[in-house]
Amino acid sequence: MNGIGERAGNASLEEIVMGIKTRADFFTGIDTGVNTREIVKSSRLVARMSSLAVQRNKAIVGENAFAHSAGIHQDGILKKREPTKS
């Protein structure tokens, strides 16, 4: 979780889980059993308990993980400003 240990060659749990969920068409028959709605909450708990801050740009759990800030994405947002549907 949160990339702890990834420098030792370990993949980040949240990235693997969300990759499998996002590409369920490719990873057929695989179910992680992880409640993905709890990933961010779990990430915050791990960060607090380990005293290791999560990088802002960390995939899936970072504050800016889904922020649009550069390139073609930003250009599209500026050209066509529509409210997002939640």
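The values are calculated or read from the model by the stated rules, or taken from the named source; none is laboratory data. These figures come from a predicted structure and were not determined experimentally. Cβ coordinates were reconstructed from backbone atoms using ideal geometry, including for glycine residues, and neighbour counts include every protein chain displayed. Ligands, DNA and RNA are stripped out before the accessible areas are found, and what is left, the full protein with its side chains, is counted by its heavy atoms. Shrake-Rupley method; radii C 1.70, N 1.55, O 1.52, S 1.80 Å.
Taking each residue of the range 49-65 that is in contact (Cβ under 8 Å) with a residue 12 or more places away in the chain and assigned to a loop (DSSP other than H, G, I, E, B) and looking for partners that are surrounded by 11 or more Cβ atoms within 10 Å (Cβ to Cβ) and of a type in the set (Ser, Thr, Tyr) with beta-carbon atoms closer than 7 Å, six or more apart or interchain, yields VAL54/SER43; VAL61/SER43.
For the range 1-27, the set of residues classified as closer than 18 Å to SER43 by Cα, without any contact (Cβ under 8 Å) to a residue 12 or more places away in the chain and open to solvent by less than 80 Å² (accessible area, probe 1.4 Å) consists of GLY5, GLU6, ALA11, GLY19, listed by residue number. Scanning the range 41-66 for residues that are among the hydrophobic types (A, V, I, L, M, F, W, C) and open to solvent by 60 Å² or more (accessible area, probe 1.4 Å), we see that the one that is modelled with the lowest pLDDT is PHE66. For the range 3-18, the condition of being at pLDDT 95 or above, assigned to a loop (DSSP other than H, G, I, E, B) and in contact with a helix residue (DSSP H, G or I) (Cβ under 7 Å, 6 or more places away or on another chain) holds for none of the residues. Only residues that are surrounded by 11 or more Cβ atoms within 10 Å (Cβ to Cβ) and either of a type in the set (Gly, Ala, Ser) or in a helix (DSSP H, G or I) (or both): list them for the range 28-40, please. Hits for the range 28-40 are THR36, ILE39, VAL40.
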